[in-house]
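The values are calculated or read from the model by the stated rules, or taken from the named source; none is laboratory data. Given the structure is predicted, the values throughout are model-derived calculations rather than measurements. Here the Cβ positions follow ideal geometry from the backbone for every residue, glycine too, while neighbour counts run over all protein chains shown. Remember, those area values only see protein heavy atoms, side chains included, never the ligands or the DNA or RNA. Shrake-Rupley method; radii C 1.70, N 1.55, O 1.52, S 1.80 Å.
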Amino acid sequence: MSNDNVQKLKKQSPKLYFDTRSVRNNIICILIGSIGFTSVLIILSPYDKKAIICDIIEPLAATIALGLSVLVIYRQKTDGVMGKAYTFLGVGLALFLIAEIIWSYYEIVLEIENPFPSIADALWLIGYGPLLYFVFKMYRFFGASNSRTHQLFVSVAGAVLLLYLISGISQTADFTTQGRIVSFIISISYPTLDIILLIPAALIILNPMKGELTSIPWIFLAILIMSVGDCAFAYSSNVIALQKMNWVWNLFFVTSYFVTSAGLFWHNRFFIHDIKEKEDLKV
Amino acid sequence: MKNSSQCLTLLDDLEYFALDSISEDILYRSIKVSLEAVGKTYAKAVIDHICHINQLSEREILTNCELFEDSMYRLFGRGAQSVINKVKVVALRYALTEQKSNLTVPEILDPSLTINDVLKEIRSIEALDFVHKMSSYNHIAYLYSSKVSLSKILSEYFSPRDAPKALLSENPMDYVLFDLTSSISYKELFGPINPPIKEDAITKMRNWIDGIRANNKSNTSTRIAEDDATWWIRNGYTRGLTMLEQSLCKELPEKTSILCAFDISKLKPKQLGAMKSVIGSHDYVIIEEPSHAVYKFGKPIFRYE
C-alpha cells in the first residue's frame with residue numbers, strides 16, 4: 001500500500017469507527033451545554049430585551065439545523081425513502097428559517113410588531129407540509145407503536161388538547177370581518193398541524209427502537225418539543241394573563257432546532273456512507 | 001436438530017462440500033435491493049456498520065440470514081423490522097420468478113413467515129430438483145428427520161415414468177401410491193437373520209438390485225431407494241450396512257441410481273458416530289436440517305481405495 005493510501009486509510013478510520021456510545025454522549029453534552037447556555041441567556045436578560053435575544057438565537061439555531069440538513073442532502077442524495085424524507089425535512093427547515101428571519105427582521109430592523117397573519121406565518125404553515133411528509137415516511141419506515149393502548153391514549157390526548165386549544169382560541173375570536181375569520185383559521189391551523197405532527201412522533205417515541213443507531217429518536221423528539229411549545233404558545237397568546245410569558249415558549253423552539261441539529265448530525269455520522277470515499281481506498 | 005449438527009460435523013470431517021445454492025444469491029440480492037430502496041448511501045452505511053461490528057466481509061454477511069437479522073436488530077432495534085420485511089418480500093418475489101417456491105398464498109400471507117422460511121423453501125425445492133434431475137449413475141444419501149420431507153424426496157426420485165423403480169422398506173405398504181416396479185421388506189428380502197449379518201445377505205441385496213436392473217428395457221436409469229437405512233444400524237447390522245454401502249460405492253451397477261435415506265432422528269449419538277464410513281460411501285449427501293443442502297463427495301476415500 002502506498003503512503004498516500006495509508007494516509008487516506010488513517011483519515012478514514014475515525015469515520016468508519018463504530019462507536020455510537022461516545023458520539024451519543026458527546027452530542028448529549030454539547031446539546032445540554034447549548035440549550036443551557038441559550039436558556040440562561042434568555043432567562044437572565046432584561047424583559048424588554050428577551051424578544052430581541054430570541055429573535056437572534058432562533059434564526060441562528062434554525063441555520064445550524066438547515067446547514068446540517070443541506071450536508072445530509074448533499075451526501076445522501078435524494079434517492080430512496082431516506083433521501084426523499086430528508087430532502088423534505090430540509091425544505092421544511094428552509095421555510096422555517098426564512099420565516100424566522102422575516103419575523104426577526106420585522107422586530108429587530110423595522111422595530112415593529114409582526115402583523116398577524118404575516119408572510120412568516122404563511123411560510124411556517126407551508127413548512128408543516130414537508131415536515132408532515134418526513135414524519136409520516138419515517139413513521140412508516142421505523143414502525144411506530146402498534147399498541148392499541150398507546151394509539152388510543154395518544155389520539156384521545158391529542159384530540160382533547162386540540163379541542164381545548166380551539167375552544168380557547170374561539171372564545172377570544174372575532175368573526176365580524178373576513179380578515180378576522182382568516183386570522184382565526186390561521187390561529188387554529190398551528191395547533192391542528194402541531195397535533196397531527198405530534199401523534200406519529202409520540203407513537204414512535206413510545207415504541208423505543210433500542211438499536212445502537214436508533215437509541216434516541218432525535219428528530220421526533222425535536223418535533224414533539226416544537227409541537228408542545230407551539231401549542232402552549234397558541235394557548236398563552238389568547239390568555240391575557242399569560243401573554244407576558246410568551247418568551248418562555250421560544251426556549252422550546254430553540255431546543256427543538258438544537259435537537260433537530262443533533263439528529264441530523266447523527267444521521268450524517270452514522271447513516272450516510274460516501275460511496276466515493278470507499279472507492280478512493282481501493283489500491 | 002442435535003443429530004443434524006452431528007451429521008454436518010461428520011460431513012465436514014469427510015470433506016464433503018455443500019453445492020452452491022441460489023438461496024444465498026437471492027438473499028444477497030434481496031438485502032441489497034431492500035436497503036438501496038431506502039437509499040444508496042444509506043445502504044452503504046448500514047452494510048459498512050454490519051461488516052464492521054461482525055468483522056466479516058459484505059458477501060459473508062449478506063449471504064447469512066441470521067447474521068444479517070441480528071446485526072440489523074442490533075443497529076436499529078425494532079426499527080429493523082421494516083427492512084427485514086422488505087427483504088422477505090423481495091426474496092419471495094425472486095423465489096417465485098426463479099420457480100423456487102411452492103409456498104401457498106395463505107403461507108405467503110402469514111405474518112409469521114420469516115426470511116429463513118423463504119430460504120428453506122428455496123433450498124428444499126433445489127434439493128427436490130437435484131433428486132429429480134440426478135444423473136443415471138449416482139449413489140445418494142438422504143439424512144432426514146421428517147416423514148413428509150422423505151415423501152417429497154421419494155416422490156421426486158421416483159417421478160421418471162419409464163424407469164424401473166424399487167424400494168426396500170420396513171413397511172412397503174406405506175408406498176403403494178408410488179407406482180413402484182418392486183417394493184420389498186427386509187423380512188421378505190433376507191428372511192429371518194441374526195447379527196452379525198453374513199455375506200450372503202449382501203449378495204441377496206445385490207441380486208435383488210440386479211433383478212430389477214435386468215427388467216429395465218428403457219433408456220432411463222433404474223432407480224432404487226431405501227426409505228430408512230437406519231434399520232440396519234438399529235438392528236445391530238452396522239457392519240453389514242457398511243459393507244453393502246462400500247460395495248455400492250466401489251461398483252455401482254451401471255445405469256442405476258441408488259438413494260439411501262436415513263431417518264437420523266431414530267439414532268443415538270453413538271450410532272451416528274458409527275455412520276462415518278456409511279455416509280462416506282455416497283457421491284452426494286442431502287441433509288434435511290437445518291435447511292436442505294446438497295453435499296458433494298470431496299475426497300474419494302472408499303471408491304478408489
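At 222 nm, what helix-only mean residue ellipticity would chain B give, in deg cm²/dmol to the nearest 500, using -39500 (n - 2.57) for each DSSP H run of four or more?
-16000 deg cm²/dmol
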TODO: Could you pull the Cα extents of chain B along its three principal axes, largest to smallest, in whole Å?
DONE: 69, 37, 31
Task: Near-label residues of the range B:144-166 by backbone N, under 19 Å of a point 7 Å along Cα→Cβ of B:K255 - done: B:158-166
Open item on the list: Give me the one-decimal nm value for the distance between modelled label points at A:K84 and A:D48, 7 Å along each residue's Cα-to-Cβ direction.
Closed with: 5.3 nm
Task: R0 of 56 Å, Cβ-Cβ distance A:Q178-B:D110: FRET efficiency to nearest 0.05 - done: 0.45
TODO: Express in nm, to one decimal, how much length is gained between A:I35 and A:N238 on full extension, taking 0.36 nm for each residue of separation and deducting their alpha carbon distance.
DONE: 70.4 nm
Task: Residues of type aspartates and glutamates that B:K217 reaches as a straight line, Cα spacing below 14 Å, ignoring anything fewer than 8 places off in the same chain - done: B:D162, B:E254
Task: A:V160 versus B:K217: modelled label distance in nm, points set 7 Å from Cα along the beta carbon direction - done: 8.9 nm
Open item on the list: From zero outward in steps of 10 Å, how is the percent of C-alpha pairs of the range A:137-222 spread across the bins?
Closed with: 16, 37, 25, 15, 6, 1
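Sort B:R234, B:R74 by heavy-atom solvent-accessible area, probe 1.4 angstrom, most to least. Intermediate values should be presented prior to the final figure.
Working: B:R234 85, B:R74 105 Å².
Most to least solvent-accessible, the answer reads B:R74, B:R234.
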TODO: Could you work out the mean count of beta carbons from other protein chains within 10 Å of each residue's beta carbon in B:75-87?
DONE: 6
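Counting pairwise Cα distances across the range B:23-139, what percent come out greater than 26 angstrom?
25 percent
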- [ ] Compute the distribution of all C-alpha to C-alpha distances in the range B:203-302, in bins of 10 Å from 0, and list the percent of pairs in each, rounded to whole numbers.
- [x] 13, 46, 33, 8, 0
- [ ] Evaluate E = 1/(1 + (r/R0)^6) for B:R161 and B:K268, where r is the Cβ-Cβ distance and R0 equals 35 Å; express this FRET efficiency to the nearest 0.05.
- [x] 0.30
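In what sequence, largest accessible area first, do B:S221, B:S247 appear using a 1.4 Å probe?
Numbers: B:S221 10, B:S247 30 Å².
Most to least solvent-accessible, the answer reads B:S247, B:S221.
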Open item on the list: So, taking all protein chains as they sit and a 1.4 Å probe, how much accessible area belongs to A:E212, in Å² rounded to tens?
Closed with: 50 Å²
Open item on the list: Suppose the chain between A:S118 and A:I56 were pulled fully straight at 0.36 nm per residue; how much longer would it get relative to their current alpha carbon spacing?
Closed with: 20.4 nm
Open item on the list: With a 10 Å cut-off between alpha carbons and a GNM built on chain B, which of B:L177, B:L154, B:L241 moves the most?
Closed with: B:L177
TODO: For B:F262, list long-range residues whose amide hydrogen, built 1.01 Å from N in the peptide plane, is under 5 Å from its own amide hydrogen.
DONE: B:Y142, B:L143, B:Y144, B:A229
Task: Values of log10 I(q)/I(0), in the order q = 0.10, 0.16, 0.17, 0.25 Å⁻¹, for the range B:143-241 under a Debye, Cα-only, solvent-free model - done: -0.28, -0.73, -0.81, -1.40
Open item on the list: Could you work out how much longer the chain between B:R234 and B:S185 gets when fully extended? Use 0.36 nm per residue separation minus the Cα distance between them, nm to one decimal.
Closed with: 16.1 nm
Open item on the list: Charges on Cβ only, +1 for Lys and Arg, -1 for Asp and Glu, centred on the Cα centroid of the range A:127-257; of A:M209, A:A222, A:V248, which one is farthest towards the dipole's positive end?
Closed with: A:M209
Open item on the list: Taking the alpha-carbon distance from A:K84 and a cut-off under 16 Å, which aspartates and glutamates remain once sequence neighbours fewer than 8 residues away in the same chain are dropped?
Closed with: B:E36
Task: Inter-chain shielding of B:102-111 (mean C-beta neighbours from other protein chains, 10 Å cut-off) - done: 0
Open item on the list: I need the fraction of alpha carbon pairs in chain A separated by more than 23 Å, rounded to a whole percent.
Closed with: 59 percent
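Nearest 0.05, what FRET efficiency do A:L152 and B:D20 give at R0 = 51 Å with Cβ-Cβ as r?
On the way: r = 51 Å, r/R0 = 1.01.
Working from the Cβ atoms, E equals 0.50.
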Task: Computed accessible area, B:K120, all protein chains, 1.4 angstrom probe, square angstrom - done: 90 Å²
Task: Accessible-area order (highest first, 1.4 angstrom probe) of the listed residues B:D117, B:D174, A:D121 - done: B:D174, B:D117, A:D121
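Which of the pairs A:K77/A:K137; A:K137/B:K32; B:K40/B:K100 have their Cα atoms more than 22 Å apart in this structure?
On the way: A:K77/A:K137 17 Å; A:K137/B:K32 20 Å; B:K40/B:K100 28 Å.
Check vs 22 Å cut-off fails for B:K40/B:K100.
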Task: Rg and Dmax of the protein assembly as shown, Cα atoms only, in Å - done: 35.2, 113
Task: Mean Cβ neighbour count within 10 Å, used as a protection proxy, ranking A:190-200, B:129-139 highest first - done: A:190-200, B:129-139
